[in-house]
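Participant: Input: one structure, supplied below.
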Amino acid sequence: MVIRMQKELQQFIRPFQRHEKDNGSPEVQIAILTYEIQVLQKHIEQHIHDVDAKRALLKKVARRKKFLKY
């Protein structure tokens, strides 16, 4: 399952990469956070009372918001 998620993430960030090994540019970091937010949202839909996941989701949303401001 982890390998599948890594492959999905690679496909998700590929359009935003400046070169093949780009992982640090703001565009790629925003794409990574967006993917992680989507995964957490799906998890929270199934596990409504998972408070730790909700907190992690809010932290990722705030971090992405800061990157978008940049």
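The values are calculated or read from the model by the stated rules, or taken from the named source; none is laboratory data. Only a predicted model underlies this, so the values are computations on that prediction, with no experimental measurement involved. As a convention, Cβ positions derive from the backbone with ideal geometry for all residues, glycine included, and neighbour counts pool all protein chains shown. Keep in mind that these areas ignore ligands, DNA and RNA; they rest on the heavy atoms of the full protein, side chains included. Shrake-Rupley method; radii C 1.70, N 1.55, O 1.52, S 1.80 Å.
Participant: Under 8 Å for C-alpha pairs, at least 6 residues apart: give me the relative contact order for the chain, rounded to a whole percent. Intermediate values should be presented prior to the final figure.
Facilitator: Numbers: 38 pairs, mean separation 18.6, N = 70.
Taking the mean separation of contacting Cα pairs over the length of the chain, I get 27 percent.
Participant: Can you give me the angle between helix 2-13 and the longest principal axis of the chain, using Cα atoms only, in degrees from 0 to 90, rounded to the nearest 10?
Facilitator: 50 degrees
Participant: I would also like to ask the following. In the chain, which GluC sites (Glu not before Pro) fall in coil by DSSP and have 15 or fewer other Cβ atoms within 10 Å? Walk me through the numbers before you get to the answer.
Facilitator: Details: sites: Glu8, Glu20, Glu27, Glu36, Glu45; in loops: Glu20.
Answer by residue number: Glu20.
Participant: With a 1.4 Å probe and all protein chains kept in place, how do Tyr70, Tyr35 rank by accessible area, largest first? Provide the component values of the computation, followed by the final result.
Facilitator: On the way: Tyr70 195, Tyr35 25 Å².
Listed by decreasing accessible area, they come as Tyr70, Tyr35.
Participant: For n ≥ 4 DSSP H runs only, could you compute -39500 (n - 2.57) per run for the chain, divide by its residues and tell me the 222 nm figure to the nearest 500?
Facilitator: Numbers: 3 runs with 52 residues, N = 70.
Estimated from H runs of four or more residues: -25000 deg cm²/dmol.
Participant: From the convex hull of the Cα coordinates of the chain, what is the mean projected area in square nanometres? Present the calculation step by step, with values, prior to reporting the outcome.
Facilitator: Numbers: hull surface 20.4 nm².
Averaging across all directions leaves 5.1 nm² for the Cα convex hull.
Participant: Pop out the ³J(HN,Hα) list for segment 50-65 in order, Karplus 6.51 cos²θ - 1.76 cosθ + 1.60 with θ = phi - 60°, rounded to Hz; leave Gly and Pro as x.
Facilitator: The phi angles translate into 7, 5, 5, 5, 4, 5, 4, 4, 5, 5, 5, 5, 5, 5, 5, 4 Hz.
Participant: Just to make sure I understand: if all protein chains stay in place, what is the order of Asp22, Asp52 by accessible area at 1.4 Å, largest first?
Facilitator: Largest to smallest exposure gives the sequence Asp52, Asp22.
Participant: Short version: ³J(HN,Hα) in whole Hz for each residue of segment 34-41, in order, from phi by Karplus 6.51 cos²θ - 1.76 cosθ + 1.60 (θ = phi - 60°), x for Gly and Pro, what are they?
Facilitator: With coefficients 6.51, -1.76 and 1.60, one gets 4, 4, 5, 5, 4, 5, 5, 4 Hz.
Participant: For the chain, which trypsin sites (Lys or Arg not before Pro) pass both filters: DSSP loop (anything but H, G, I, E, B) and at most 11 other C-beta atoms within 10 Å? All intermediate terms of the calculation are to be shown ahead of the outcome.
Facilitator: On the way: sites: Arg4, Lys7, Arg18, Lys21, Lys42, Lys54, Arg55, Lys59, Lys60, Arg63, Arg64, Lys65, Lys66, Lys69; in loops: Arg18, Lys21.
For trypsin sites (Lys or Arg not before Pro) across the chain that sit outside H, G, I, E and B with at most 11 neighbouring Cβ atoms in 10 Å, the list reads Arg18, Lys21.
Participant: In addition: If you roll a 1.4 angstrom probe over the protein chains with everything in place, what fraction of the accessible area of the chain belongs to carbon and sulfur, to the nearest %? Working shown, then result.
Facilitator: Numbers: 3280 of 5830 Å².
It is 56 percent, rounded to a whole number.
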